[in-house]
Amino acid sequence: MLIVLFLVNALGTVYGYIWYWDQMQYTLDHHPLWRVVFVPDSPTASLFFTLSLLYLLFPQFTKSSSVLRLLRPIIEALAVVTSLKYGIWAVTMILAGAAQGDHLVWEHYMLIVSHLGMAIEGLLFVRFMVFGRLAAFFALLWLLLNDTVDYTFGVYPWLSDVLEDDLNAIQTFTIGLSVFSLLVTWFTLQFRKV
C-alpha cells in the first residue's frame, strides 16, 4: 500500500512540476532566480509528502544516518502542513473560478480529486510521523514566507482570469489558510500513533 501511495505521489509531483513549467520559465525570464523556488507550491508539497513516505518505507535509513534523522521532522511537518494548505487552496480556487463563470474541463476535476487527496493523506498519515509542534511551526514560517514572496513579487500561482480582480481577497485567504493548516496539524498531532 505504501509503495503504491509513494508511486502515485511521485508521479503527481512530476506532473505538478510539468504543470507549473511555463510559470517557472516565465519567472526565470522576468524575476531573480531565487523566486522560482516559490512558484510550484502544490508539487513541492507533494514532494515533501513523497519524501515522508520514504521515511516510512525505509526506516533503516533514518537509523543509519544522523542527517536523515535530523531532517525527518522538518520534512514530515512540511509534508503535512503544506499538503493540507495547498490541497484546500487549489480546490477552493477552482471552485471560486467556476462560481464566477469558468467552464470546468476534465483537468479541473482531476485537480480537485488529486488536491483533496493531498489534504486527506496529510491528515491520515500524521499519526505515523515523528515531527512535533515546533517543526510544524517551522512549516508555518515557510508557508508565510512563501505567501509573502508570492503576493509581494507576483509569483503566486497563475489564477483564472475571472479571479484576477479578487487578488486581495485571495491573498488574505491564502495567509489565513496557512495559519489554519498549522492549527489543524497541531490538533491532529494528539491522535498520533506513539
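The values are calculated or read from the model by the stated rules, or taken from the named source; none is laboratory data. Since this is a predicted model, take the numbers as computed values, not measurements. For neighbour counting, all protein chains shown are included, and Cβ atoms are generated from backbone atoms with ideal geometry for every residue, glycine included. Remember, those area values only see protein heavy atoms, side chains included, never the ligands or the DNA or RNA. Shrake-Rupley method; radii C 1.70, N 1.55, O 1.52, S 1.80 Å.
Some notes on this structure:
- Per-region count, the range 155-194, residues at pLDDT 95 or above, polar (S, T, N, Q) and over 30 Å from Leu33 (Cβ atoms): 1
- Some residue of the range 120-135 being more than 30 Å from Lys63 (Cβ to Cβ) and surrounded by 20 or more Cβ atoms within 10 Å (Cβ to Cβ): no
- Here Trp142 meets each of (1) open to solvent by less than 20 Å² (accessible area, probe 1.4 Å); (2) in contact (Cβ under 8 Å) with a residue 60 or more places away in the chain with one exception, condition (1).
- Single residue of the range 19-72 satisfying the filter (closer than 24 Å to Glu107 by Cα and free of Cβ contacts under 8 Å to residues at least 12 places away in the same chain) that is least open to solvent (accessible area, probe 1.4 Å): Gln25
- Qualifying residue in the range 135-154 (condition: at pLDDT 95 or above and touching a Pro at 6+ places or on another chain (Cβ under 7 Å)): yes
- Residue ranges of helices (runs of 4 or more DSSP H) in the range 63-179 with at least 2 members touching a strand residue (DSSP E or B) at 6+ places or on another chain (Cβ under 7 Å) and closer than 22 Å to Leu47 by Cβ: none
- Residue count, the range 8-40 (criterion: among the β-branched types (Val, Ile, Thr) and not in a helix (DSSP H, G or I)): 1
- In the range 9-18, the residues that are open to solvent by 70 Å² or more (accessible area, probe 1.4 Å) and not aliphatic (A, V, I, L, M): Tyr15
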